[in-house]
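**Student:** My questions all concern the structure below.
The values are calculated or read from the model by the stated rules, or taken from the named source; none is laboratory data. Please read these numbers as outputs of a predicted model, since none were measured by experiment. All Cβ positions, glycine included, derive from the backbone under ideal geometry; neighbour counts span all protein chains shown. In case anyone asks, the SASA skips ligands and DNA or RNA and just uses the protein heavy atoms, side chains included. Shrake-Rupley method; radii C 1.70, N 1.55, O 1.52, S 1.80 Å.
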Amino acid sequence: MISQRIPRLGAFNIWRTAARHLLAHEIPPEQIMWFDDDTQSELFSETSVETAESVTVAKVPRQFLDVASKVVAHKSHDRFARLYKLLWRLRTEPDLLNNPVDADVSSLCGMVKNVSRDCHKMKAFVRFREFPVEADRRCFGAWFEPEHFIVELTGSFFANRFADMDWIISTPKGVSRFADGFLSFHPPDGNRHLAADHTEDLWRTYYANIFNPARLKIKAMQSEMPKKYWKNLPEAALIPDLVANAEKRVQSMREQAATQPSLELARIKAPTVKRPDVGDGAFMSIESLNKAARNCTRCALHCHATQTVCGEGSRGAKVMFVGEQPGDHEDIAGKPFVGPAGQIFHEALRLAHIDRKEVYLTNAVKHFKFTTRGKRRIHARPNQSEIQLCKWWLQREVELIKPELIVALGSTAVLALTGEGGSIKTRRGRTEQSSFGLPILVANHPSAILRNPEKADELRQMFYADIASVDSFSTIHSG
Ligand code: URA
């Protein structure tokens, strides 16, 4: 008779090596006594098989190793013996694992299920508490009471999930520790890490708030969160009261008048604008395009802006000016270029003898984007995705107006029209090809003059010169 001890830590590899040697020496299951750390060792004198020499055995299916890696973690004392029996039988019955009604196979499958469920619960119910230590990495500890020896099976899950902190999970069946990026396993240390940390009250408040009394199904809840885990879950102390008051809370919810969704939510949920193409006849005019644009929800900017600020000007304009986005004044007025930057722009038009009524003014982005500082709404730059989404409207405008030249005011307009972003320092004053197939003249945005008081005079002259150069496009003289 051979007595084979499998220690708790590293059980899978040790059992596997021992089993390979026993199999190579053709030792049948009934001649082996398997025991573990929990078995009183004086009952058995250890006569383990020699595992130093290398042996060759027939390959076992991958499926068996998957089963074995879980079964060795099961709490039953005969787990190693049962596994070896199956391995022994696999030599002559290679399809054995595909026979679920076989008693050995089905009992091992049951064990796999138990262990998997225990792992699942450990992943869900470990609650870390922070250690108040001065260290580069934050340190956390948790106490969990699994049914099976699953500390090694779950180690990599926690290491991946909580890679940016050091932690230790103590259990009565072993300890996993993750420090400075290294995962290790140790015998039980008896430390329960129960001292509450500063987030515990917050966590309980959160739990109480997400507990929905109208959805309470006690049986389902207890099957998901079995009572045996409650004692180590800080939030579980709230459950009896939450359950006892659920009925009352549902009743008072019923009695309360329905609340309206916030304006923001209502707008986000508003049906998005249908996007028919100009070609299908839906947008035969700027009027019908602008009507649709007023309901635009293509990006989140519509949630906070007062309204869509559509383009304005002559339907037969030969020059189209494209700014960045409406500002505070434009957002309120619903018209482009009516605020301080608009005043500079109009002065530039006047000096260049360009009649505003003869041109078309619009923006790359049609809603005002801002952050708030007290009561002030401060301009914020639209991001790539907002520009990209709004470009759809700009393209429709270009298709309907059919200008001969587009003047892009500032880098946002240049990005929307050419697809190339970045600084326009070296591009201003020149013409480029837009992605809509038309030439564009690159100019600074008039607000650059307002933002740079020290260089205002220089920038202003530059801007006036850029707008005046529109005149040099011979075909588009307004007269
Ligand atoms: N800036 C712009 O780009 N467009 C406006 O309409 C106003 C300011």
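**Student:** Say whether the condition of being touching a Gly at 6+ places or on another chain (Cβ under 6 Å) and open to solvent by less than 50 Å² (accessible area, probe 1.4 Å) is met by at least one residue in the range 169-178. Explain how you work it out, then say what you get.
**Tutor:** Residues of the range 169-178 that are touching a Gly at 6+ places or on another chain (Cβ under 6 Å), as a first pass: 176.
From what is left, the residues that are open to solvent by less than 50 Å² (accessible area, probe 1.4 Å) are 176.
Checking the range 169-178: at least one residue is touching a Gly at 6+ places or on another chain (Cβ under 6 Å) and open to solvent by less than 50 Å² (accessible area, probe 1.4 Å).
**Student:** Tell me which residues, restricted to the range 232-259, are over 18 Å from TRP203 (Cα atoms), loosely packed, with under 15 Cβ neighbours inside 10 Å and of a type in the set (D, E, K, R).
**Tutor:** GLU247, LYS248, ARG254, GLU255
**Student:** Checking CYS139 against (1) free of Cβ contacts under 8 Å to residues at least 40 places away in the same chain; (2) open to solvent by less than 20 Å² (accessible area, probe 1.4 Å), which single condition isn't satisfied?
**Tutor:** For CYS139, the failing item is (2).
**Student:** Sort through LEU83, LEU108, LEU96 and tell me the only one that's touching a helix residue (DSSP H, G or I) at 6+ places or on another chain (Cβ under 6 Å), free of Cβ contacts under 8 Å to residues at least 12 places away in the same chain and among the hydrophobic types (A, V, I, L, M, F, W, C).
**Tutor:** Selected residue: LEU96, the only one of LEU83, LEU108, LEU96 that is touching a helix residue (DSSP H, G or I) at 6+ places or on another chain (Cβ under 6 Å), free of Cβ contacts under 8 Å to residues at least 12 places away in the same chain and among the hydrophobic types (A, V, I, L, M, F, W, C).
**Student:** When you scan the range 416-460, how many residues do you find that are open to solvent by less than 50 Å² (accessible area, probe 1.4 Å), in contact with a helix residue (DSSP H, G or I) (Cβ under 6 Å, 6 or more places away or on another chain) and either within 12 Å of the ligand (Cβ to nearest atom) or not in a strand (DSSP E or B) (or both)?
**Tutor:** 14
**Student:** Okay, moving on. Return the residues of the range 159-193 that are farther than 18 Å from PHE12 by Cβ and outside any loop (DSSP other than H, G, I, E, B); say none if nothing qualifies.
**Tutor:** Within the range 159-193, ASN160, ARG161, ASP166, TRP167, ILE168, ILE169, SER170, ARG177, PHE178, ALA179, PHE182 qualify.
**Student:** Something else now. If a residue must be open to solvent by 10 Å² or more (accessible area, probe 1.4 Å) and away from the ligand (no atom under 16 Å from the Cβ), how many such residues does the range 402-415 contain?
**Tutor:** Residues flagged as open to solvent by 10 Å² or more (accessible area, probe 1.4 Å) and away from the ligand (no atom under 16 Å from the Cβ) within the range 402-415 amount to 2.
**Student:** In the range 10-30, which residues are touching a residue at least 12 places away in the same chain (Cβ under 8 Å), farther than 15 Å from PHE64 by Cα and surrounded by fewer than 17 Cβ atoms within 10 Å (Cβ to Cβ)?
**Tutor:** GLY10, ALA24, HIS25, PRO28, PRO29
**Student:** All but one of (1) over 28 Å from GLU145 (Cα atoms); (2) surrounded by fewer than 18 Cβ atoms within 10 Å (Cβ to Cβ); (3) modelled with pLDDT under 95 hold for HIS77; state the number of the condition that does not hold.
**Tutor:** (1)
**Student:** Of all the strands (runs of 3 or more DSSP E) wholly in the range 314-399, which have at least 1 residues that are of a type in the set (Ser, Thr, Tyr), open to solvent by less than 20 Å² (accessible area, probe 1.4 Å) and within 13 Å of the ligand (Cβ to nearest atom)?
**Tutor:** Filter on the range 314-399 gives 360-363.
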